[in-house]
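Below is one structure, written out as structure tokens; comments come after it.
The values are calculated or read from the model by the stated rules, or taken from the named source; none is laboratory data. Being a predicted model, the structure only gives us computed values, none of them experimental. For neighbour counting, all protein chains shown are included, and Cβ atoms are generated from backbone atoms with ideal geometry for every residue, glycine included. Surface accessibility is based on the protein's heavy atoms, side chains included, excluding ligands, DNA and RNA. Shrake-Rupley method; radii C 1.70, N 1.55, O 1.52, S 1.80 Å.
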Amino acid sequence: LESLKASLSSQRAEKEQVMAELKQQQGEVEKLKMSLEEERAILVAQETAIQKAIQMEKKRIEEQQRKTTQNNSGNVNVPPVSSGYFTRPAAGVVTSEFGKRSFDIHYGIDIANTSTVPIVAAADGVVMRSYYSQSYGECIMISHSINGKVFTTVYAHMRYGSRMVHPYQFVKKGQIIGYMGATGYVRGKNPQQLHFELHEGEWNQEKTNAVNPRKYISF
């Protein structure tokens, strides 16, 4: 009986440990979920931004490799603007790739860096949202219309008060829109990072349109 009691006690302890780990993981997943109110606000803003982005593409008569029009000169931390429609949004080291992780799916790429690190628009577009999110932290979302196709990019965990653009503002590829930070729900031990998402189509809560940014951008 004593032996059986000890065995049951050991099994109970293991069960409690497993339950505690599952509860912690569930808590982390829940923190990433947005409120319905925040989701509705994003979807409403998205429709207007997409229409403006489509209008922007119709009026655009520029070179294939465009230059930024704002204060990028002299800043060594601004990533070089690449050719094509998309460019790298920030300089730094990729610390987390797109895809399945231990207990969830990572719908973007994380870039970490130190000091003052600018974040730039990955492509020409219209700012859909520029706000503070409980999960994304200081966040900017941009709608793009490229060759008649809609794309959406997300820039999360930016520095407090660093957002430099407002909703429905037109932005150019390579234009500084804010600075890297660590706001919102940030995983890992990096002092600051950019969580970057790229969606082929509209953004939605389930991230069904999210694709690996490496499909379009060289990191």
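Remarks
- Percentage of interatomic Cα-Cα distances in region 150-189 larger than 10 Å: 77 percent
- Scanning the chain for trypsin sites (Lys or Arg not before Pro) in DSSP loops with at most 15 neighbouring Cβ atoms within 10 Å leaves 102-188 as the longest stretch between them.
- When you filter the chymotrypsin sites (Phe, Trp or Tyr not before Pro) in region 156-199 for DSSP loop state and at most 12 other Cβ atoms inside 10 Å of their Cβ, you are left with 160.
- Heavy-atom accessible area per residue - the chain, 1.4 Å, Å²: 53 Å²
- 0 to 90° range, to nearest 10: angle between helix 36-59 axis and the chain longest Cα axis: 30 degrees
- Where chymotrypsin sites (Phe, Trp or Tyr not before Pro) fall in DSSP loop in region 94-141, at most 13 other Cβ within 10 Å: 103
- For region 80-152, the equivalent ellipsoid built from the Cα gyration tensor has semi-axes of 21, 17, 15 Å, listed from largest to smallest.
- Taking the accessible area of the chain, probe 1.4 Å, and keeping the other protein chains in place, the carbon and sulfur fraction comes to 52%.
- Among the GluC sites (Glu not before Pro) within region 130-219, those in coil by DSSP and having at most 16 neighbouring Cβ atoms inside 10 Å are 200, 206.
- Scaled radius of gyration (Cα, divided by 2.2 N^0.38 Å) that the chain gives: 1.20
- Its convex hull of Cα atoms gives region 117-157 a direction-averaged projected area, equal to a quarter of the hull surface, of 3.0 nm².
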